[in-house]
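Worksheet: one structure, shown below.
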There are 2 protein chains.
Amino acid sequence: MPAEAKVSAKVNKPAKVEARAAAPASPPLTERQEARRRRILHASAQLASRGGFDAVQMREVAESSQVALGTLYRYFPSKIHLLVATMQDQLEHMHGTLRKKPPQGETAAERVAETLMRAFRALQREPHLADAMVRALTFADRSVSPEVDQVSRQTTAIILDAMGQENPTPEQLSAVRVIEHTWHSALITWLSGRASIAQVKIDIETVCRLIDLTAP
Amino acid sequence: MPAEAKVSAKVNKPAKVEARAAAPASPPLTERQEARRRRILHASAQLASRGGFDAVQMREVAESSQVALGTLYRYFPSKIHLLVATMQDQLEHMHGTLRKKPPQGETAAERVAETLMRAFRALQREPHLADAMVRALTFADRSVSPEVDQVSRQTTAIILDAMGQENPTPEQLSAVRVIEHTWHSALITWLSGRASIAQVKIDIETVCRLIDLTAP
DNA sequence: CGCTAATCTAGAACAAGTTTCAGACTTGAT
DNA sequence: ATCAAGTCTGAAACTTGTTCTAGATTAGCG
């Protein structure tokens with residue numbers, strides 16, 4: 001019946017007031033649709049790498065990715081959704097990269113700090129892209145919760161990986177959540193020029209001490 | 001020479017690219033100007049208390065406060081500036097209120113957690129207002145750094161007050177910074193419905209343990 | 001008081017995110 | 001090959017933040 005069947009639960013008109021399931025099993029995308037989605041995300045990242053959040057203009061993204069504006073909005077119901085999806089995309093890369101060279105530290109705290117600093121260095125190479133993604137993430141409202149949650153889970157996974165913990169205790173999970181909070185907020189202060197790179201490093205190292213506090 | 005003399009270093013055209021001093025000594029405001037500023041902030045808080053960030057529309061703020069749109073922009077060069085100023089305003093109240101009943105906890109960590117939870121409860125009474133202020137705070141870019149920094153200093157002061165520390169060590173200041181990070185980020189996750197009130201409480205209590213770690 | 005510079009007002013104009021719509025195009029099923 | 005249903009396109013419209021302008025007002029000074 002349909003053609004280029006319903007793009008997915010995620011990729012569908014409902015822009016704001018919707019309340020759909022997270023993304024348990026994303027209805028399959030046509031090849032051309034997958035390609036479109038990829039082009040869009042690529043254009044988004046590219047524009048973001050230039051001027052950051054403001055430079056990602058929906059009309060430009062649409063043009064760059066050779067897609068009509070309406071289509072762009074069908075795939076990503078708002079600029080925030082688009083940027084959060086871009087972040088998901090980048091995070092996957094990052095996780096893959098990090099996996100390859102596990103951190104060397106003796107203690108879990110050291111390894112987590114080392115991993116986060118590695119990620120931070122990667123972000124420093126594309127500060128504008130980082131700006132766009134992080135601003136979108138923290139500005140996101142309820143309508144983007146599922147996607148933001150996914151980013152959060154991915155981040156948690158990275159941290160747990162670094163800890164080398166298979167079965168973290170609830171206490172450790174709390175510590176990880178606090179580390180994530182610190183990570184996001186520290187990034188923001190750095191991006192808005194209110195904290196130096198050194199400062200971010202200190203904050204990360206400081207919060208990572210919580211791990212020793214909950215694990216020994 | 002002038003009339004309603006230059007409103008202040010802060011309240012003046014330069015909207016974005018400016019780089020003026022923080023607010024060492026704000027050139028005095030006329031009574032009528034002070035009144036206008038107050039009306040604006042009041043309207044802002046009122047609108048925010050209704051629908052949150054989105055409900056604070058510059059045209060409405062202008063109308064509610066009986067001021068021309070251009071004037072509103074002269075006082076607050078952007079919606080973000082306005083909301084951050086609103087937050088400064090609210091924070092002052094809060095600090096005053098908190099001062100009156102110092103926290104009871106035995107340890108510094110307990111007192112800080114208690115204070116933050118008290119603040120959190122206050123925010124829960126006006127969740128929309130909280131939404132508007134916190135979103136503005138984390139979305140603010142470099143052009144708002146001085147104002148955001150001011151908010152940060154105020155928050156730091158509240159926390160140090162609760163700790164009862166006159167001369168905090170650098171380590172303790174790091175811990176306080178991390179606590180602030182956690183505070184902001186936890187608020188965001190709560191506001192966007194991704195964390196429960198209980199969860200925020202746990203996160204706050206968890207991060208406050210850092211104080212014991214740096215002070216004993 | 002009368003002047004002058006700065007401020008305030010009303011309203012138009014502009015920019016970018018979002019929505020809408022008619023028509024062309026695809027897809028999968030018959 | 002044909003058809004129905006769902007997609008994509010192009011373009012216009014709408015919303016809200018921000019800027020601009022011409023003229024009315026106001027404050028402080030001589």
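Which value results for Rg/Rh of chain A when Rg is the Cα radius of gyration and Rh the Kirkwood radius based on the inverse mean 1/r?
Values: Rg = 18.4 Å, Rh = 18.4 Å.
Ratio of gyration radius to Kirkwood radius: 1.00.
Roughly what angle does helix A:108-125 make with the longest principal axis of chain A, taking Cα atoms, 0 to 90 degrees, to the nearest 10? It works out to around 40 degrees. Using a simple spin-label model with pseudo-atoms 7 Å out from Cα toward Cβ, A:GLN104 and B:ARG74 lie 6.2 nm apart. With neighbours defined as other Cβ atoms within 10 Å of a residue's Cβ, the residues A:THR107, A:THR30 order from fewest to most as A:THR30, A:THR107.
Between helix B:197-214 and chain B, what is the angle of the helix's C-alpha long axis to the longest principal axis, kept within 0 to 90° and rounded to the nearest 10? Once rounded, the angle reads 70 degrees. Label point of A:PRO28 (7 Å along Cα→beta-carbon): distances to the other copies' equivalent points are 7.8 nm, sorted ascending. Two decimals is fine: what is log10 I(q)/I(0) at q = 0.08, 0.09, 0.10 Å⁻¹ for the protein assembly as shown, from a Debye sum with one equal scatterer on every Cα and no solvent? Rounded to two decimals, the profile gives -0.48, -0.61, -0.76. Lysine pair count for chain A (Cα-Cα distance under 24 Å; residues 8 or more apart in sequence or on different chains): 7. At the listed q of 0.26 Å⁻¹, the Debye profile of segment A:31-78, built from one uniform point per Cα, gives log10 I(q)/I(0) equal to -0.91.
With 18 Å as the cut-off, how large is the P(r) tail for segment A:151-216, expressed as percent of Cα-Cα pairs? Result for the distance tail: 37 percent. Based on C-alpha pairs under 8 angstrom that are at least 6 apart in sequence, segment A:99-216 has a relative contact order of 38 percent.
Spin-label model, B:GLU31 to A:ASN167: label points 7 Å out along the Cα-to-beta-carbon direction sit 7.4 nm apart. A simple charge model with +1 on the Cβ of Lys and Arg, -1 on the Cβ of Asp and Glu and nothing else charged puts the dipole of chain B at about 720 debye relative to its Cα centre. Rank A:SER185, A:VAL207, A:ALA157 by how far each Cα sits towards the positive end of the charge dipole of segment A:152-216 (+1 on Lys, Arg Cβ; -1 on Asp, Glu Cβ) and give me just the farthest. Farthest towards the positive pole: A:SER185.
Across the identical copies, the label point of A:GLU166 (7 Å from Cα in the Cβ direction) is separated from its matches by 5.4 nm, in order from shortest. Contact order, relative form, for segment A:31-78: 36 percent (alpha carbon pairs under 8 Å, 6 or more residues apart, mean separation divided by residue count). Extension gain, B:SER64-B:ARG142: 0.36 nm per intervening residue step, less the Cα-Cα distance, totals 25.2 nm.
Among A:ALA45, A:ALA35, A:THR71, whose Cα lies farthest out toward the positive end of the dipole of segment A:31-78, if unit charges sit on the beta carbon of Lys, Arg (+1) and Asp, Glu (-1)? Going by the Cα projections, it comes out as A:ALA35. Given their separation in residues at 0.36 nm each and the Cα-Cα distance between them, B:GLU92 and B:ALA198 gain 35.5 nm when the chain is fully extended. The C-alpha atoms of chain B define a longest principal axis, and helix B:79-100 lies at about 50 degrees to it.
With label points set 7 Å from Cα along Cα→Cβ, the inter-copy distances at B:MET58 are 1.9 nm, sorted shortest first. When you restrict to C-alpha pairs under 8 Å that are six or more residues apart and normalise by the size of chain B, the relative contact order lands at 22 percent.
None of the figures in this text is laboratory data; all of them are computed from the coordinates on show. Being a predicted model, the structure only gives us computed values, none of them experimental. Note that each Cβ is placed from the backbone with ideal geometry, even for glycine, and that neighbours are counted across all protein chains shown.
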